[in-house]
1. May I ask for the distance between the Cα centers of the range 47-66 and the range 76-154, given as a whole number of Å?
2. Net charge within 12 Å of Arg133 by Cβ-Cβ distance, Lys/Arg positive one each and Asp/Glu negative one each, not counting Arg133 itself?
3. Using R₀ = 25 Å, calculate the FRET efficiency as 1/(1 + (r/R₀)^6) where r is the Cβ-Cβ separation of Glu100 and His17; round to 0.05.
4. Based on other C-beta atoms within 10 Å, arrange Leu136, Leu94 from fewest to most.
5. If you average 1/r over every pair of different alpha-carbon atoms in the chain and take one over that average, what Kirkwood value in Å do you get?
6. Considering only Asp18, Asp142, Asp77, give the residue with the highest GNM mean-square fluctuation for the chain, with springs between Cα atoms whenever their separation is below 10 Å.
7. Here are some pairs, Lys37/Lys101; Lys97/Lys132; Lys37/Lys150; Lys88/Lys132; Lys47/Lys150; Lys14/Lys150; which of them have Cα atoms lying more than 31 Å apart in this structure?
8. Taking Cα atoms, how many degrees apart are the long axis of helix 88-101 and the longest axis of the chain, rounded to 10 and kept between 0 and 90?
Amino acid sequence: MADRQRKVIATNRKARHDYHLLETVEAGIELVGTEVKAIRAGRINLKEAHVDFKGGEAFLVGCHISPYEHAGYSGHDPLRRRRLLLEKRQILRLASKVVEKGLTVVPIEVVLDGNWIKVRVALARGKQLHDKRETLRQRTLDREADQAMKERDS
């Protein structure tokens, strides 16, 4: 298993900006053939996506996978609901936390793990405006400190 290549195909940078990520889980995703080819070509957008629970299953909603150019007549719907492949107890635990604590589950990245396409999802709590400002301020301070260290070293 150690010889498999892991490649990040897409990240949801907006999720890291809008939410406090509490815990992450890696899930498989149920796809059709043209979606697999489109994702391998990097034509996936996670910006407006979230996870919805229905009937004891987890679904990725709002994820846009652009149609594959060379698909012919049998393309796919870019915004269809895609089932996430998680263990039953993981689904129940995440769904219960979403219901009782007012949290949400958002995808943070899509990874190519060998031949498998997986989605890393996170249990998240929404940030308020002052939290977002603090994150931006901290990022700016870190960047300035790194630049000062580089200037001092050279």
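We did not get these values from a lab; they are worked out from the coordinates using the rules stated. Just so it is clear, the structure is predicted and the values come from calculations on it, not from any experiment. Counting neighbours? That spans all protein chains shown, and the Cβs are built from the backbone with ideal geometry, glycine included.
1. Using only Cα atoms to place each centre, the spacing works out to 15 Å.
2. +2
3. The calculated FRET efficiency here is 0.45.
4. Lowest count first: Leu136, Leu94.
5. 17.3 Å
6. Looking only at Asp18, Asp142, Asp77, the biggest GNM fluctuation is shown by Asp142.
7. Distance filter (> 31 Å) returns Lys37/Lys101; Lys37/Lys150; Lys88/Lys132; Lys47/Lys150.
8. Compared with the principal axis, the helix lies near 50 degrees.
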